[in-house]
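Heads up: the structure comes next, in structure tokens.
Each value in this text was obtained by applying a stated rule to the coordinates, not by laboratory testing. Just so it is clear, the structure is predicted and the values come from calculations on it, not from any experiment. Reconstructed Cβ throughout: ideal geometry from the backbone, glycine too, with neighbour counts over all protein chains shown.
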Amino acid sequence: MNFTKGGFWVKILVTGGAGFIASHLVDRLIAEGHRVVVVDNLSAGRRENVNPKALFYEVDICDAASLEEVFRKETPEVVDHHAAHVNVRKSVEMPAYDANINILGSLNLCELSKKYRVKKFVYISTGGAVYGEPKVLPVNETCPIEPLSQYGVSKHTVEHYLSIFYKLYGLNFTILRYPNVYGPRQSPHGEAGVVAIFSELILQNIRPTIFGDGSKTRDYLYVDDIINANTIVLNNLGIGEIYNLGWGREISDLEVFHTVRRALSSDIEPIFSKKRPGEIDHISLDSSKATKELKWKPEVSFEEGIKRAVQYYKNLRKTT
């Protein structure tokens, strides 16, 4: 069943909707006829990423009073919660800062969703950080949770809170554990986003830095495939469930570098530096549960996704 009201699509609140991934979600939802409210404090997101047909509030999820004003005025029926502090290194150095955003900010949303009777809460967690260093790859949702960073701890903590809100108050939720997501609008200026970082540096003929020896692996998923999963679970699917998203394939930092370099027809070489604390060595995610229960599966191959992403960064340089 679709969450509809009076023949119209529901109003969906998207946190972090000025950011890389969630802005693509907003675009898709509006294209499908939904009414969308975006909440973002613009600490990492960009105002120009926000679809002009969305209602935009420059509000921090840690500001409970201002956030409640949005809920009171807009009464969203669905919340898709992407806003987060995602810097693993900074979470290690400043765990209280990380917890304030990822745990307390998320709790503000949970409380308001309960109070304003939100029908569905979609929470974006991390498959790349909650599992730690698994003994078997790819990992499924039953793998032990043993994060190696405060970021992984804070993201996983909210999963427990959602379970409690579901059991005690009937707040329907679905949790999506993301792999490494890449694609257009990803910033090349942060800690994460290695595809964006490599693309931008190579376009400037600057040698990118690889932290470690290049053998560190991640599971990479193009942003369009992530958005497909979000739109599927907005309906009455996956209630109270957790889903990994990914190809189940390990891709090393060196493979990412070589694929980006090849797409840009460059012969530049990387610089190697020491591994950063809090980062795991290897991860890939088994998404067979999502395939079975949600009928979701990734469609854009890594090679094709890199071509699309690189073209975006090439075009961006032409217009700036």
* Would you work out the charge dipole size for the chain about its Cα centre, treating the Cβ of every Lys and Arg as +1 and the Cβ of every Asp and Glu as -1, and quote it to the nearest 20 debye? => 620 debye
* Asked: What is the distance in Å between the Cα centres of the range 142-173 and the range 12-78?
  -> 23 Å
* Structure fact -> The summed charge of the ASN41 Cβ neighbourhood (under 14 Å; Lys/Arg +1, Asp/Glu -1) stands at -2
* Once you've got the GNM for the chain with C-alpha springs shorter than 10 Å, pick whichever of GLU32, GLU250, GLU68 has the biggest mean-square fluctuation. => GLU32
* Structure fact -> Cβ-Cβ cut-off under 13 Å around HIS258, Lys and Arg +1, Asp and Glu -1: the net charge is -3
* Quick one: plug the Kirkwood hydrodynamic radius of the range 1-157 (C-alpha pairs) into Stokes-Einstein at 4 °C, 1.567 mPa s, and report D in µm²/s. => 79 µm²/s
* Structure fact -> Under the 7 Å Cα-to-Cβ spin-label approximation, ASN235 and PHE272 lie apart by a distance in nanometres of 5.0 nm
* To do: Calculate, in whole percent, how much of the Cα-Cα pair population of the range 63-142 lies beyond 21 Å.
  => 42 percent
* Asked: Measuring from centroid to centroid over Cα atoms, what is the spacing of the range 108-131 and the range 244-301 in Å?
  -> 26 Å
* Top mean-square fluctuation among ARG47, ARG72, ARG28, Gaussian network model of the chain, C-alpha springs under 10 Å? -> ARG72
* Structure fact -> Listed residues ALA84, ALA18, ALA44; largest mean-square fluctuation, Gaussian network over the chain with Cα springs below 10 Å, found at ALA44
* If one takes the longest principal axis of the Cα atoms in the chain, at what angle in degrees, from 0 to 90 and to the nearest 10, does the Cα axis of helix 223-233 lie? -> 20 degrees
* Compute the relative contact order of the chain as a whole-number percentage, counting only Cα pairs closer than 8 Å that sit 6 or more residues apart in sequence. => 18 percent
* Structure fact -> The FRET efficiency for CYS62 and GLU299, from their Cβ-Cβ distance with R0 = 41 Å and rounded to 0.05, is 0.70
* J(HN,Hα) series, the range 261-271, from Karplus relation 6.51 cos²θ - 1.76 cosθ + 1.60, nearest Hz, glycine and proline x -> 4, 5, 5, 9, 6, 10, 10, 5, 10, x, 10
* Asked: In percent, what relative contact order does the range 1-103 have, based on Cα pairs under 8 Å that are 6 or more apart in sequence?
  -> 29 percent
* Pull up the DSSP beta bridges for the chain and report the antiparallel fraction as a percent, rounded to 5. => 10 percent
* Asked: What pairs from LYS114/LYS216; LYS53/LYS114; LYS120/LYS292 go past 31 Å between their alpha carbons?
  -> LYS114/LYS216
* To do: Rounded to the nearest 500, what is the 222 nm mean residue ellipticity of the chain from helices alone, with -39500 (n - 2.57) per DSSP H run of 4+ residues and division by all residues?
  => -11500 deg cm²/dmol
